[in-house]
Every structure is written in structure tokens, then in C-alpha cells.
Amino acid sequence: MQQIVRVTDLTKQFKNLTAVDHLSYTVNEGDVYGFLGQNGAGKSTSIRMMLTLIKPTAGHIEIFGMDLAKNRREILRNIGAVIEKPDVYKYLSAYDNLQLFARLSGIRSTRKQMMDQLEMVGLAQRAEDKVKTFSQGMKQRLGIGIALVHNPQLIILDEPTNGLDPQGIADIRNLILHLSRESNKTIIVSSHLLSEIEQIATRVLIIDKGKKLVEGNATELLDPAQTIVELQTLDNAFALQQLQLSNWTDKVQGQRNNTIVIKLDRKEIPALHTDLMNMQIQLLSLQPRHSLEDYFLQVTSGNQHVDTYTN
Amino acid sequence: MLTLIQIELYKIFRRPRTYIAFGAIAALILIIQFGLKLDGKSYSDFLMKDIGGSMVIDGNIINGYLICYIMLQLLLVHVPLLVALIAADMISGEANMGTLRLLLSKPYSRTELLLAKFLAATVYTIMLLIWLAILALFLSMWIFGLGDLFLMKSSYVVLINQNDVFWRYAGAFVFAALAMVTVAALGFFLSIFAENSIGPIVATMSFIVFFTILSTLNIPIFNVLKPYLFTTHLISWKEFFDLKVNDANEAIIGSIQNPQRIITSALVLLLHIVGFVGGAIFIFNKKDVLS
């Protein structure tokens, strides 16, 4: 598989702060590459270096097999990006913004093509409205439309679901999946909504304090032996008592926010369900919670959520 | 590059703020013209009161040419603020809106982008001067008619034949455009250091006020600096209205008293433009964009 991005020993020093510290990673063609890290971990600095907004202190970035420092123009022609907030010209309409950035990218599109692009991000009805009247979610969608307007090979989306309502988040998720599967685009997505990354990413990079913690296939990072299940019952006290008297007692982690937390192998979930029924526990919900989020919190030492259960 | 300039001009002329400057100039000029049309005689008497006994003026001194000169003297002091409103916003405004990072991730070099922005600011400045010329000169010529231009300098009077005036205004407006482009270059330079446009606009005006005071102070220690300050040369457009005289003390038509001063001032202003824009490009190319 062709490497689209190859970053080697990338470092950025701001006076006394090392924002990115010898970071190396690769993104392959067709990947939806999840870029994860807590606030201040160095995600945005890394992305800005890929877009030549910030000059690296050291290291090397290669995109489409070319050195970014030497082939900036050619590389950027094939990248579409939303960088943090999707800021556009508020005194222009959605259509005018899209057209302006299309021209900046060297594209002369027809009105129909522009409207199709706006339709894709759900803004065709508001095409002629000034952006200053838009909600954050609409601006976000327009930002994505602008990133895609010149049909780039590599799409970089920094926090693309920021400010979106649940439907908007689902729309963006579907759009990313569509672009990846139907158009074979390579997409780098950074997000603090890790559950979103979990649903779309094929590969994941987790960084902390500018350093790489782990990089790999998203499904491989999810260890099935570490699944967390959250139970909601009509009577949690009774359920907890029954569970502690059963074979599951060692696996019960405690209670949190009206849920009983059990840590088990994913394959054990059907047996747990059967036993709950046999114990006459009136179950409201049983939700496996093992996710990238848990993994992320573990590797970034933020695993308080498993330490704060109460029995 | 041409596409970039077109896009920058499009952005400038789609912003409501741009038209404040055109509106302000129109309002001021129309008020002055209205006042002088209604009460031009009083103004003429006021002008003549110091020399009324020593010479006789025959004809209409309150004509379009004089009105334009009066307005240029009044307005060219304030036009820098209107120029700074746009030029000092060119980079800082983009940083403030958050669009700078999007622009800089497009396949253009920072130098190209900055040059396009400066050229667009230059076009705006020139259009502002053309607007000023249309209202202050052509509209005044239409309302007040033509006549010889009678100017009172500090220690002498200048009377320019009406057939010898128009080209002087053409020269004066071209020079004024160069002066205002220098102001635009200063605003543009300052705009790369800020992430909101208020700071660079205020800083531009502060620089102009500060250096104008230095330029006009008659303190020997500052006299060494004066020739190098751009503010000293901003008003050199007035040189177009000083004539040479012959041995009989008659004005020589088509002459300028001190053309070298105009050339020197133009060169100093050009050097400042190159310095400000070159400095902006040099610094901006090294800058990390964190906005």
C-alpha cells in the first residue's frame, strides 16, 4: 500500500516548550487516520506543520512521496484541510466563500458543481445566505465543503465535529466514510470525540506531550480481554448484591452514575446476560463500553474512570 | 498572482467597511462644497482681508480649482486614517477571522500572498484618491466653474493661469497617491504583528502623528532626521503649485519652482514602500502561524 504521509522525527520547540517531540508516523493510501491526544498533546501543531503553517525545529515530512519543504506548492494543491475552527469570510455567502476558495485552489467550477458541493454538506438551501447568520455546525459543514472543493487526494480534518449536533456529527461521520470508501480519499482526522474516531478510523495514532504513545490498526488496539460492560437495572442495589454472590463477583468493578460496571472478555457477554436473567435482575440496559476511549485514557494515564467506582 | 490580486480585491470591495472611507470623503466634500456655494463671498473676503488694500483681484477667485486645493489641504491629512482602515487590516484581519491559516495552506508562497494583498491595498488607495479627485476636482469645477488659481502662501501669493492648473492637479493627485500608498505600506507592515486590526490601525496613525510632529518641529537636533522621515514628504504635492518667475516677476507657465524636491520626495516615499513591504515579507516568511 502506498504511503501518502511519512513523518520522521518531527520536532517543534516553542522557547521552553517542546510541542512535538521526535514524532514519527505514516499514513497509507485510503486510511482514515485517527489522530488522538489530549488538549495540548501536539496534534494541531503537527497538523500545522504538515500544512506549512508552522516550521518544524527538526524532522522531515514527506507527502505523496515528495519532501514537503521542497515541493510545498505541488503537495498543498492536493490537500484539503479544516484547521481547528472552520473560519471563513462571514460577510460573504456560503456560495461566495466556496467559489473564492475554489478559485484559490485553481478550480473554476460551474454553479451546478458548486451547488452540488453545498448539497453534499447540507447547505444548498442556505447557499446565498451570509455566513455570519450560520450556526457553528453550519460553518463546520461549509469548512468541510471548502476543504473538498478542489477534490484533494489527502483530507486533513482537525476536530471536524466541533459544535455539531448529534445529527450533524452523524452526517460528518457518514461523509468521511463515504469519501474513504467511495472516493478512496486518504483522511487524517483529529478529534477529542474519541468515540467518533473509533467508528471511522482504520488506523490510530495516540500522542501525549508531543510524543507518540502508540500507532496502529484501530481494531488491534481494542483488546477484547479489556471490555467494560455497563448495566442499568430497576434495582441496582439488588443487582449488585446478586452479582457479588455469583461467579461474576471478581469481575464487578463497582457502581458509577447509576450503572454497575463489570470488566470482562467480550465473549463472556452472552453468558452474563443469561445469568442476569436467571438471577431475576430486571435489566434496563447492558452496554459494552470497551472502546478506544478506554484505551486512550489508559495510555495517556487518564484512567481515573476505572479507579473511582464505588462499591 | 493575478488570481490572488483579483481575490483580494473582491474581498476588499465586498466588505461594508471599505465603503466607509468612500462615504466619509463624499460627505465631507459635499458639505464643504455646499457651504462655499452658499457663502463663498464671506470666505473670499476672509481670504483677502490681509492683502485687500495692497492689490486688486479681478474675477472669480472662488472657483473649482481653489475649492479643490482647499479640500486637498484639509482632507489629505485625514485620508491616511481611511487608508489604514483597510491596509492595516490586510493580514491582522485575516488572522482575527481565522482565515489566514486557510489562505496559507493553499498552493501559493507567502511572498506571493503578501504581494497580492499589498497590491490590492494599493488599488484600493488609488481608487480612494480617484474618488477624491472626482468629487473635489471635477465636481467642484462643475459646481463653481473655472478660473485662475489664487493661492496665499505664508509670505507670498501665487496666481496660476487657469490653463496652467489642470496638469498640476494631475501631478498632485499622482503624488498624493504615492504618499498614501506609503501609508498603506506602513499599515500593511504593522498588520503582520497583530491578530486584530485595531492595533495596527491605531499604531499606523500613531506613527504618522509622531513623525509628523518630528517633521514639523524646528529643533536643530531633529533637522538631521527630517529628510529621511516619510512624513516630511507626504505633503510635497503642494510643490506642483509653486511656479518659477521670470526677471519681470511674472509666472512662467508650465514651470515648477522646485521639481527636484518632488523627485527627492517621491524617491524617499518609494524607498519607504519597498522597506515596509520587503520587511513585512521577510518577517512573515519566518513566522509560525498560530492564529
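Read-outs throughout are calculated quantities, based only on the coordinates presented, and are distinct from any laboratory measurement. Computed from a predicted model, the values in this text were never measured in an experiment. Don't worry about glycine lacking a Cβ; one is built from the backbone with ideal geometry, like all the others, and counts go over all protein chains shown.
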Practice prompt. Evaluate the Kirkwood expression for the hydrodynamic radius of segment A:4-79, namely the inverse of the mean inverse distance over all pairs of different C-alpha atoms, and round to one decimal in Å.
Written response: 12.7
Item to complete: Write down the Å³ per residue value for the convex hull defined by the alpha carbon atoms of segment A:224-290.
Response: 73
Item to complete: Please build a GNM for chain A, connecting alpha carbons under 10 Å apart, and tell me which residue among A:LEU76, A:LEU283, A:LEU213 fluctuates the most.
Response: A:LEU283
Fill in: Amide N proximity, segment B:149-178 versus B:ASN246 label position 7 Å along Cα-to-Cβ, cut-off under 19 Å
B:158-165
Worksheet entry | B:LEU74-A:GLN282 pseudo-label distance in nm [points 7 Å out on the Cα-to-Cβ vector] | 8.7
Worksheet entry | Of A:ILE269, B:TYR169, B:LEU36, farthest towards positive along the dipole that unit charges on Lys, Arg, Asp, Glu beta carbons give the protein assembly as shown | B:TYR169
Discussion item. Report for the protein assembly as shown the percent antiparallel among DSSP-assigned beta bridges with both residues inside it, nearest 5.
Written reply: 70
Fill in: Unit charges at the beta carbon, dipole of chain B: most positive-side option, B:GLY98, B:PHE230, B:ILE219
B:GLY98
Item to complete: Among the listed pairs A:LYS12/B:LYS287; B:LYS153/B:LYS238; A:LYS43/B:LYS117; A:LYS43/A:LYS212; A:LYS55/A:LYS209, give every one whose C-alpha distance is greater than 20 Å.
Response: A:LYS43/B:LYS117
Item to complete: Using only the alpha carbons of chain A, determine the length spanned along each of the three principal axes and report them from longest to shortest in whole angstroms.
Response: 70, 46, 37
Worksheet item: How much FRET efficiency would the formula 1/(1 + (r/R0)^6) give for B:ILE143 and B:LEU225, where r is the Cβ-Cβ distance and R0 is 56 Å, rounded to 0.05?
Response: 0.85
Worksheet item: If each of A:ARG6 and B:GLU112 carries a label point 7 Å out from its Cα toward its Cβ, how far apart are those two points in nm?
Response: 2.7
Discussion item. Within segment A:135-154, list the residues whose amide N lies under 14 Å from a label point set 7 Å along Cα→Cβ of A:ASN71.
Written reply: A:153-154
Worksheet item: With a 10 Å Cβ neighbour count serving as the proxy for reagent exposure, in which order, fewest first, do B:SER291, B:SER255 appear?
Response: B:SER255, B:SER291
Practice prompt. Please get the size of the charge dipole for segment A:224-290, origin at its Cα centre, with Cβ charges of +1 on Lys and Arg and -1 on Asp and Glu, quoted in debye to the nearest 20.
Written response: 200
Worksheet item: For the charge dipole of segment A:3-220, defined by +1 on Lys and Arg C-beta atoms and -1 on Asp and Glu C-beta atoms about the Cα centroid, which residue among A:THR161, A:THR202, A:ALA94 has the Cα displaced farthest towards the positive pole?
Response: A:ALA94
Response to the item:
For the protein assembly as shown, the Debye formula with one identical point scatterer on each Cα and no solvent gives log10 I(q)/I(0) at q = 0.08, 0.10, 0.12 Å⁻¹ as -0.72, -0.94, -1.16
Worksheet item: Roughly how many whole Å is it from the C-alpha centroid of segment A:231-264 to that of segment A:1-33?
Response: 43
Practice prompt. Just grab the label-to-label distance for A:HIS178 and B:ALA266, each label 7 Å out from Cα along the Cβ direction, in nm (one decimal).
Written response: 5.9
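Quote the charge dipole size of chain B about the Cα centre in Debye, to the nearest 20; the model charges only the Cβ of Lys and Arg (+1) and of Asp and Glu (-1).
Working: 19 positive and 16 negative charges, 186 e Å.
Taking the Cα centre of chain B as origin, the dipole is about 900 debye.
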Worksheet entry | segment A:52-93 - charge dipole about Cα centre, Lys and Arg +1 at Cβ, Asp and Glu -1, debye rounded to 20 | 160
Worksheet item: Considering the alpha-carbon set of segment A:36-171 alone, what are its Rg and its Dmax in angstrom?
Response: 15.6, 47
Practice prompt. Give me the orientation-averaged projected area of the Cα convex hull of segment A:129-201, in nm², one decimal.
Written response: 4.9
Item to complete: Please give the net charge around B:PHE240, taking every other residue with its beta carbon less than 12 angstrom from that of B:PHE240, where Lys and Arg add +1 and Asp and Glu add -1.
Response: 0
Worksheet item: Can you sort A:VAL204, B:VAL245 by how many other beta carbons sit within 10 Å, fewest first?
Response: B:VAL245, A:VAL204
Discussion item. Counting each pair of different Cα atoms once, what's the Kirkwood radius of segment B:2-286 in Å, rounded to one decimal?
Written reply: 20.5
Practice prompt. Restricting things to alpha carbons, find the Rg to Rh ratio for segment A:56-135 using the Kirkwood radius for Rh.
Written response: 1.08
Worksheet item: Could you give the semi-axes, largest first, of the ellipsoid that matches segment B:180-274, computed as the square roots of 5 times the alpha carbon gyration tensor eigenvalues and rounded to whole Å?
Response: 33, 15, 10
Discussion item. Just want to confirm a number: the relative contact order over chain B, from Cα pairs under 8 angstrom separated by 6+ residues, in percent.
Written reply: 24
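So for B:GLU239, A:GLU74, fewest C-beta neighbours within 10 Å to most, what's the order?
The most exposed by this proxy come first: A:GLU74, B:GLU239.
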Item to complete: Could you work out the local net charge near B:SER255, counting Lys and Arg as +1, Asp and Glu as -1, over the other residues with Cβ closer than 13 Å to its Cβ?
Response: -2
Worksheet item: A:ILE269 to A:LEU17: FRET efficiency via 1/(1 + (r/R0)^6), r the Cβ-Cβ distance, R0 41 Å, to the nearest 0.05?
Response: 0.40
Worksheet entry | Sum of side-chain charges, A:VAL252 neighbourhood, beta-carbon under 14 Å (Lys, Arg +1; Asp, Glu -1) | -1
